[in-house]
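Q: Below: one structure in structure tokens.
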Amino acid sequence: MGRKRNQGKARKAAKAKAEEAAEESNNQRTNGRQQSLATQTQQLHVGAASPHDTMRCFHGFDPLSVDDICFQYANVFSHAYVRETAKDGDANLSDCLTAAKNATIDRFADVWNDCAKMEIVISYFLSNGTQHILEGNYGAARALAIFARYLEQCTAVGLKQTQALVNWSKIDEVSNSSDMHTLVKFLRKRIPCRCLDKKYNEVKDTTKLGFCYYPECTIPNRQVERGNTFYCSRCRNVTYCSRDCQKADWTIHKHECDTYVDEIAKFEAKKQS
């Protein structure tokens, strides 16, 4: 029995080490890929919309009072993210989102564990993000879209259990400050009104951008037309601009790829059981 327990501890320790290495690798990759997060959040303001404000559309969102737990969650999440970006002008996206999650995971467990409440929070961020687009505050709109995308991914993994892992490449897509097309399309698809139709018509012919995850890629800012990128065929969690970059990155990506593939296999096995 003692031997089995020791083997179990060893496996857990190895998994934790692999996950830590994967997170560190992800941190290195995301640094410098997007506009400074601090710059994006300079105009960020998330407030309680007044239900008596009949002069504007709420983009499918029912206004909350400041006492509502979903509003409080959104406020704490946003502020924790902003505080993390303020620590370092080159703050890492995953670090900032993790800090926001850690600031809310215990205090607002009732929200994190309730799909309906999470949907309210996501709708809240989408509504505010849409309004910021209409007001020309694109950095703030992008931060709110990042929140919404991240929480969609967390909900899919933890509550709906429709996917095995948070797909960071999807979050990276909306974080790219050079790509208005993706930002506006992301918000427009998720609101029931037509408030973003005009803006979408303005940006729909601009190029949607993707990232090459190889740190030494020679393309400026590692940004490339998204249609020319492709996923790692094993984990489908990172993208590249060429086979050469993928091959060169394999020694870096292999460890996190193995972790991803292992988690996906467990997820698929659980679905079949």
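Q: Could you tell me the distance between the Cα centroids of region 232-273 and region 88-123, to the nearest Å?
A: One Cα centre to the other: 25 Å.
Q: Within the set K189/K266; K160/K266; K160/K270, which residue pairs have Cα atoms separated by over 20 Å?
A: Where the Cα-Cα span goes over 20 Å, the pairs concerned are K189/K266.
Q: In addition: Residue-wise, which Karplus ³J(HN,Hα) couplings in Hz belong to region 239-256, taking 6.51 cos²θ - 1.76 cosθ + 1.60, θ = phi - 60°, and x for glycine or proline?
A: 10, 9, 8, 7, 5, 4, 5, 4, 5, 5, 8, 4, 5, 7, 6, 3, 5, 5
Q: Put a dot 7 Å past each Cα toward the Cβ at S178 and N113; how far apart are the dots in nm?
A: It works out to 4.4 nm between the two label points.
Q: To continue, here is another question. Counting only protein heavy atoms and a 1.4 Å probe, tell me what percentage of region 115-229's accessible area is made up of carbon and sulfur.
A: For region 115-229, the apolar C and S fraction of the accessible surface comes to 45 percent.
Q: Determine the per residue accessible area of region 180-252 with all protein chains present and a 1.4 angstrom probe, expressed in square angstrom.
A: With the other protein chains kept in place, region 180-252 gives 57 Å² per residue.
Q: Which of the peptides 174-181, 157-164 is most tightly packed, and how do the rest follow, judged by the mean count of other Cβ atoms within 10 Å per residue?
A: Peptide ranking by packing, descending: 174-181, 157-164.
Q: So how do 96-107, 191-202 stack up, highest first, on mean other-Cβ count within 10 Å?
A: Packing order, densest peptide first, comes out as 96-107, 191-202.
Q: Mind listing which GluC sites (Glu not before Pro) in region 215-273 are in a DSSP loop and have 10 or fewer other Cβ atoms within 10 Å?
A: Passing sites in region 215-273 are E216.
The values are calculated or read from the model by the stated rules, or taken from the named source; none is laboratory data. If you're wondering where the values come from, they're calculated on a predicted model, not measured in any experiment. Glycine also receives a Cβ, built like all others from the backbone with ideal geometry; neighbour counts cover every protein chain displayed. Note: areas computed on protein heavy atoms with side chains; ligands, DNA, RNA excluded. Shrake-Rupley method; radii C 1.70, N 1.55, O 1.52, S 1.80 Å.
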